[in-house]
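S.K.: One structure follows; several queries about it will come next.
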Amino acid sequence: MSETNEQMQGNLDLLYGLHDRPAPAKAFLGAVQHVLAAFVGVITPSLIIGGALGLGEHIPYLISMALMVSGVATFIQTRKVGPVGSGLMALQGTSFGFLAAVLAAGFVVKNRGGSPEEILSVIFGVTFLGAFVEIFLSQFITKLKSLMSPIVTGCVIVTIGLSLTKVGLTDLAGGVGAENFGSLPNLLLGGGVLVSVVLISIVNNKVIRSSAIFIGLMLGLLVAAFMGRIDFSLVSQAPLLTVPIPFKFGFGFDWQAFIPIAFMYIITSIETSGDLTATSMISGEPIKGPLYEKRIKGGVLADGVNSAVAGIFNSFPVTTFSQNNGVIQMTGIASRYVGFYVAGILFIMGLFPILGAIFTQLPKPVVGGVTLLMFATVATAGIRILATVNFTHRNVLIIATSLGLGLGVAFVPDVFAQMPQLFRNIFGSAVTMSGVVAILLDTILPKNFGVEYDTAEQHKDDGLKPARKLKPAAEVL
């Protein structure tokens, strides 16, 4: 099969290709499905960060800004403004990958007595400045991919997911400091939401299955209201419209907060290039050559620019959503013009803060039941990446060291309490620790390190010529 035919193979089941214009009704329906699949992912980081850092009164505003920024970012990514944007049907939203780094940044300020406004000013300040790391990297992203190998990105994503499961389980039990922490009603409510999401996810209907998290949250909201755990009087007090105000909380900066977030911008550059490659393939577009490389470069650049916009307008870093690819496969609609509808819907939803006010009333167990599963799914995505790596002696050593140190820092955050501040700034974050260790070992250790412990099967594709003959896999077993 020729390269051209291979590239277009994914186009056979599409109803609308990248440049097709569906009728408004069909475009709107396709956009609604994208929004349903991504809505919870867009707003949940604001709920988690706001709850963990005690930002209560600001959470509705943060949710509104997350929706509005996601709308603007999606438009830029799909419309392509000059060199900025991929021109693919790529939805953008608040990134879960940054949660650990953003929470770490917030606690840096909170632990020294900072107010909620000071916490947000530092978070959005480092979000804005860190975005320039990704903007810079976008100019040579294809070369960077050779450094950020699957073994590195896999270790980092597993660390992100597993280190955050503690947050999800804590919320499921009632939240930090709750008087009824671990009570039977909390466990039943949170566990019920988790079970409902799992059951909905195995329903045969693709539309229902793709909205499992959203439906699970709604069911949890209804049950919580029946239990008398929703205060609708607070919802009625929400303002009619939300007005975006640049740097509403000020502009702060802290090196200890900046370094983990800057490192995550490096990681998300690689993730975005992978997501856009998948989108291009599913859309029947090239995944090799100048056009493909131009789209990847523009898409990663848009990620950085949109994250800078997020920092300006009081929201957290954004990235491309992988859910988007599942919806394209499900609907057969890859038209980038549908992205304009998605952008419009998200932006309009952000204008009305009553939506944010409703979701702030979700009890912690409801949020925890969903986020526990979502965080574990993030870790699973990292495991799938690592599954593409041959588990040679060298690679096992890298993975074990990276995950051991990264998760160790997550579980024992005071391990470096007696070290200099600069050292703590760099290695005090589980994500940074895992990533730095994986990059260093993957760069330093030669490809044939420990080859004498491996089987011939593990090295059949890498061209290694070990000093002595390797044993066949059957003999080793």
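The values are calculated or read from the model by the stated rules, or taken from the named source; none is laboratory data. This one's a predicted model, so the numbers in the text were calculated from it and none came from an experiment. Using ideal geometry, Cβ is built from the backbone for each residue, glycine included, and neighbour counts are taken over all protein chains shown. Side chains included, ligands, DNA and RNA excluded: accessible areas come from the protein's heavy atoms. Shrake-Rupley method; radii C 1.70, N 1.55, O 1.52, S 1.80 Å.
S.K.: At pLDDT below 85 and more than 17 Å from THR94 (Cβ to Cβ): is that true of VAL327 in this structure?
M.R.: Details: at pLDDT below 85: yes; more than 17 Å from THR94 (Cβ to Cβ): yes.
Judged against the criteria, VAL327 is a match.
S.K.: For region 269-302, give me each residue that is open to solvent by 10 Å² or more (accessible area, probe 1.4 Å), closer than 25 Å to LEU15 by Cα, of a type in the set (A, V, I, L, M, F, W, C) and touching a residue at least 24 places away in the same chain (Cβ under 8 Å).
M.R.: Hits for region 269-302 are ALA278, MET281, ILE282, ILE287.
S.K.: Something else: Taking region 424-454 only, how many residues are among the hydroxyl-bearing types (Ser, Thr, Tyr) and either part of a loop (DSSP other than H, G, I, E, B) or modelled with pLDDT under 85 (or both)?
M.R.: 3
S.K.: Can you tell me which residues in region 167-202 are farther than 19 Å from ALA224 by Cα and either among the acidic types (Asp, Glu) or free of Cβ contacts under 8 Å to residues at least 12 places away in the same chain (or both)?
M.R.: GLY177, LEU199, SER201, ILE202
S.K.: Next up: Regarding region 195-204, can at least one residue be identified that is touching a Leu at 6+ places or on another chain (Cβ under 6 Å) and under 30 Å from PHE247 (Cα atoms)?
M.R.: No - not one qualifying residue is present in region 195-204.
S.K.: Go through region 233-278 residue by residue and tally those that are farther than 30 Å from LEU18 by Cβ and at pLDDT 75 or above. Walk me through it before giving the result.
M.R.: Filtering region 233-278 down to residues farther than 30 Å from LEU18 by Cβ leaves 233-263.
Among the residues that remain, those that are also at pLDDT 75 or above are: 239-263.
Here the count works out to 25.
S.K.: Would you check which residues across region 281-290 are touching a helix residue (DSSP H, G or I) at 6+ places or on another chain (Cβ under 6 Å) and modelled with pLDDT of 80 or more and list them?
M.R.: GLY284, PRO286
S.K.: Out of all the residues in region 371-404, which are open to solvent by 50 Å² or more (accessible area, probe 1.4 Å), hydrophobic (A, V, I, L, M, F, W, C) and over 30 Å from PRO446 (Cβ atoms)?
M.R.: Listed by number, the list holds a single entry, LEU373.
S.K.: Something else now. Please determine, by comparing only the residues of region 405-418 that are hydrophobic (A, V, I, L, M, F, W, C) and open to solvent by 70 Å² or more (accessible area, probe 1.4 Å), which one is nearest to MET433 (Cα to Cα).
M.R.: LEU405
S.K.: Okay, moving on. Kindly check whether there is at least one residue in region 259-268 that is over 20 Å from the mean Cα position of the chain (by Cα), among the aliphatic types (A, V, I, L, M) and open to solvent by less than 70 Å² (accessible area, probe 1.4 Å).
M.R.: No, region 259-268 contains no residue that is over 20 Å from the mean Cα position of the chain (by Cα), among the aliphatic types (A, V, I, L, M) and open to solvent by less than 70 Å² (accessible area, probe 1.4 Å).
S.K.: For region 184-203, which residues satisfy the criterion of being part of a helix (DSSP H, G or I), open to solvent by 30 Å² or more (accessible area, probe 1.4 Å) and among the small types (Gly, Ala, Ser)?
M.R.: GLY192
S.K.: Of all residues being among the polar types (S, T, N, Q) and touching a residue at least 40 places away in the same chain (Cβ under 8 Å) in region 95-125, which is farthest from ALA38 (Cα to Cα)? Just the residue, please.
M.R.: Filtering region 95-125 for residues that are among the polar types (S, T, N, Q) and touching a residue at least 40 places away in the same chain (Cβ under 8 Å), the one farthest from ALA38 (Cα to Cα) comes out as SER121.
S.K.: Also, I was wondering about something else. State which residue is least open to solvent (accessible area, probe 1.4 Å) when the search covers only region 105-122 and only residues that are of a type in the set (S, T, N, Q) and at pLDDT 90 or above. First the steps, then the outcome.
M.R.: Within region 105-122, the subset of a type in the set (S, T, N, Q) is 111, 115, 121.
Now drop any that are not at pLDDT 90 or above, which leaves 115, 121.
Values: SER115: 40, SER121: 15 Å².
Looking at residues that are of a type in the set (S, T, N, Q) and at pLDDT 90 or above, I get SER121.
S.K.: Right, next: Would you check which residues across region 229-255 are open to solvent by 60 Å² or more (accessible area, probe 1.4 Å) and over 23 Å from GLY350 (Cα atoms) and list them?
M.R.: ARG229, PHE253, TRP255, listed by residue number.
S.K.: If you don't mind, another one. Tell me which residues, restricted to region 348-363, are part of a helix (DSSP H, G or I), surrounded by 22 or more Cβ atoms within 10 Å (Cβ to Cβ) and at pLDDT 80 or above.
M.R.: Within region 348-363, GLY350 is the sole residue that qualifies.
S.K.: Looking only at residues that are under 18 Å from GLY113 (Cβ atoms) and surrounded by fewer than 19 Cβ atoms within 10 Å (Cβ to Cβ) in region 50-64, which one is modelled with the highest pLDDT?
M.R.: That would be GLY54.
S.K.: Here's another thing I want to ask about it. Find the helices (runs of 4 or more DSSP H) located wholly in region 65-183 whose residues include 3 or more that are among the aliphatic types (A, V, I, L, M) and either under 29 Å from GLY350 (Cα atoms) or in contact with a Phe, Trp or Tyr (Cβ under 8 Å, 6 or more places away or on another chain) (or both), and list them. Walk me through how you get there before you give the answer.
M.R.: Numbers: elements: 99-110, 116-137, 141-147, 150-172.
In region 65-183, the matching helices (runs of 4 or more DSSP H) lie at 99-110, 116-137, 150-172.
S.K.: Take the conditions surrounded by 13 or more Cβ atoms within 10 Å (Cβ to Cβ), touching a residue at least 60 places away in the same chain (Cβ under 8 Å) and farther than 17 Å from LEU103 by Cα and apply them to VAL436. Does it pass?
M.R.: Values: surrounded by 13 or more Cβ atoms within 10 Å (Cβ to Cβ): yes; touching a residue at least 60 places away in the same chain (Cβ under 8 Å): yes; farther than 17 Å from LEU103 by Cα: yes.
It is true that VAL436 is surrounded by 13 or more Cβ atoms within 10 Å (Cβ to Cβ), touching a residue at least 60 places away in the same chain (Cβ under 8 Å) and farther than 17 Å from LEU103 by Cα.
S.K.: Continuing with this model, one more query. Can you tell me which condition VAL102 does not meet? The list is (1) surrounded by fewer than 24 Cβ atoms within 10 Å (Cβ to Cβ); (2) closer than 20 Å to ILE267 by Cα; (3) within 19 Å of the chain's Cα centre (by Cα), and all the others hold.
M.R.: So the condition that VAL102 fails would be (1).
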